[in-house]
Amino acid sequence: MTSRRSLLRSAAVVGGLTTVASTATGVGVAAAATVGVDWVLATSYGADPTGAADSTSAINAALAATPVGGVCYLPAGTYATSAPIVIPPSVTLRGSHGAHLDTIGCAIKPSAGFAGLAVAASATDPATTYSAVVLLLDQTSGGYSVVSNEQRIIDLTLDCSHLPTSNPVNGIQAVGLVHGVSVDNVAILDPSARGVCGAIRNGRNPYSWRMTRVTVNGARGPYGFNVAEITDSTFVDCEAIGSSGSGWYIADDGNGHFTNCRAEWSGRHGFEVHSGGVSSCTFTACSTDRNGYHGMLIEDSGGVGPIVLTGCMFNRDGRNNGAGGAYAGLAVTGSSSPILVANCITAVHADDDGTGVQSPQYGISVTGSTYVAVDGGFYWGTVAGWHDGGSNTYLRRGPNVGEATGPVTGPTLALANSWGTSGGPTVTIPLADADQTGLVVANAAGNSNVNQPLVLLTSGLSGADALIKARVAGDSSSRVILSAAGQLSLGPGTGGQDTSWGRLGPAQIGSTDSDLVVGLAGKGLKIKEGANAKMGVLTLKGATAVTVPTTEVTANSRIFLTVQQAAGTVGPVYVSGRVPGSSFSVQGQAGDTSTVAWMIVEPA
């Protein structure tokens, strides 16, 4: 004869626990409660899968009887409750099937008159009533002998459709230090308050949670997921859809990671992110669709922890009940935290049937923030794909940022961009230590660069506009300015520039305001001699004129003559004639064969 012990163990292995439920119930609650296995059937403690009777006490009794590391199992059915189901430490509450958007499988269904659980006052907190379908309490509030941790909620639906909005009840709530929790394949349908939330109690908050494939559908409170007090946690494939307020509320969620999470058709924002602390969080491949306001709003005060977005999609947000408005797929407003955005996408469209306002107005909008760097992506808005709202300290736009503006039928594309900001090409390279190089442009050995410059500076402004300016710490003005006209202006750094050097005209270089000074002994002016030169030597032929051919002589040329080496009958030397653009002549007195140096200088 098969014993109840062996029957339950076999069922646990093959997964036939629904059959076990009826078998265990048939032999009596007391007998089933004594079965020595780590799977406990809630139906064995009187839980009613038909929903006719209230199952609150029965499920809580089964959970209390579940050993550490064990599973309290709810066979398929609907279980009516009137108060929170409280999961003790290191216990799993498992159903037969977690829904997505539909009410199927195994569901806990709170009644209209659902009442919260009163928690007694502690040394730091007053007496408080917590109203949630599933409640996780810290060690003090729950009266546990150990730290509250390692609870599991798996394959379960919380159907809150019977709750009136006047009775705000959360789906899953953790109070105080409850850590190491895992929630998998769970649907929370129509909660009258928030779907998932935490609360600080006894000076501590929940942390280090893992949530996978959790859906909050139709939350009637301010948020679908309120994970403001659940830090150091990871959320994967979690979705908030149809929330009355924002789909997600994330505040000071230090070391939080959100992957493939979604927010759709929320009344307010899809993701509402606030950071006032030093810890960072990441969003990878998350998405929004047709939310009322911004797809994702990032704003904070005093935060310094970076927020990183990678490969996220923001679609059709800013619907605003069909009225549209100045909303964006991604909006960063008044953020002091560094915001790093890479390869994200925003898209414009109307409702599913093609009717209604096309939105958002802006693909990405940044206003009054300290540091936002966008490296790649495609941003589309009906008014502008990229919107600089002003008052930003550093707003960086990478060269791989594409932009589209306008409606679905014919957007205007802007795909060619350079490194810089939306307000002008500005790149800052701060050097924190001594003897650092700010920028190196190196051509690989063996590569030809005859036809292209290593560095190309372009300006769409006039020739007087500066291409490069340089100053050192303490300067009130630039010491060096290179203009688009090729002029180099120099100054002391404490006032205006007082010295210039540059192109003066075709084949002319020099200064219009400064003397040329050779201030080091041993240095001087060197002039190339040769054909058509400005300087050279000749040998006199007495009183006979010596012609010097050079195209550099003009009608106004000042020609200086100096005897280099005396010979013959030395006498005065003079320019006896000139042909501008061709030659000039020099002669001396009869018998003078001296070597004479000559130099041509033009008046400025």
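The values are calculated or read from the model by the stated rules, or taken from the named source; none is laboratory data. The structure presented is a predicted model; accordingly, all values stated were derived computationally and were not measured. Neighbour counts run over all protein chains shown; Cβ positions are idealised from the backbone, glycine included. Note: areas computed on protein heavy atoms with side chains; ligands, DNA, RNA excluded. Shrake-Rupley method; radii C 1.70, N 1.55, O 1.52, S 1.80 Å.
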(Q) Whole-Hz ³J(HN,Hα) for each residue in the range 143-152, computed from phi via Karplus 6.51 cos²θ - 1.76 cosθ + 1.60 with θ = phi - 60°, x for glycine and proline: what do you get? (A) x, 8, 8, 10, 4, 6, 7, 6, 6, 10
Q: Would you kindly work out the equivalent ellipsoid of the range 459-587 from its C-alpha gyration tensor and give its semi-axes, the square roots of five times the eigenvalues, largest first in whole Å?
A: 44, 19, 10
Q. If you build the Cα gyration tensor of the range 178-294 and take the root of 5 times each eigenvalue, what three semi-axes come out, in whole angstrom, biggest first?
A. 20, 15, 14
Q) Dipole of the chain (Lys/Arg Cβ +1, Asp/Glu Cβ -1, origin at the Cα centre): which of I481, C286, G224 lies farthest to the positive side? A) I481
Q: Starting from the Cα-Cα distance between T333 and H100, subtract it from 0.36 nm times their residue separation and give me the gain in nm to one decimal.
A: 80.5 nm
Q | Given 14 as the ceiling on other Cβ atoms within 10 Å, longest exposed-site-free region of the chain for trypsin sites (Lys or Arg not before Pro) in DSSP loops | A | 1-470
Q | Residue-span extension gain [S391 to K528] - 0.36 nm each, minus C-alpha spacing | A | 43.7 nm
Q: Please give the length that would be gained between T562 and V517 if that part of the chain were fully extended, namely 0.36 nm times their separation in residues minus their C-alpha to C-alpha distance (nm, one decimal).
A: 13.9 nm
Q) Any idea how far apart S477 and V383 come out in nm if each label point goes 7 Å out from Cα toward Cβ? A) 4.1 nm
Q) With Cβ to Cβ distances under 14 Å as the rule, what net charge do the other residues near S148 carry (K, R +1; D, E -1)? A) +1
Q) Can you give the longest stretch of the chain with no exposed loop site, where a site means chymotrypsin sites (Phe, Trp or Tyr not before Pro) in a DSSP loop (not H, G, I, E or B) with at most 15 other C-beta atoms within 10 Å? A) 145-418
Q.
What number does the range 130-193 give for Rg over Rh if you use C-alpha atoms and the Kirkwood radius?
A. 1.01
Q. What do you get for Rg/Rh of the range 534-593 when both radii come from the Cα atoms and Rh is the Kirkwood radius?
A. 0.97
Q.
Out of the total accessible area of the chain (probe 1.4 Å, heavy atoms of protein only), what percent is carbon and sulfur?
A. 54 percent
Q. Using the Cα atoms of the range 273-417 to build a convex hull, what is its mean projected area in square nanometres?
A. 7.7 nm²
Q. How much of L297 can a 1.4 Å solvent probe reach, expressed as accessible area in Å² and rounded to 10?
A. 10 Å²
Q: Sort L540, L516, L467 from largest to smallest accessible area, using a 1.4 Å probe on the heavy atoms of the protein chains.
A: L516, L467, L540
**Q.** Three-way shape call for the range 61-129 based on the alpha-carbon gyration tensor, with the a/c threshold at 1.5
**A.** oblate
Q | Principal axes of the chain: Cα extent on each, largest first, Å | A | 148, 52, 49
Q) For the range 135-271, what is the accessible area per residue in Å², given a 1.4 Å probe and the full set of protein chains? A) 29 Å²
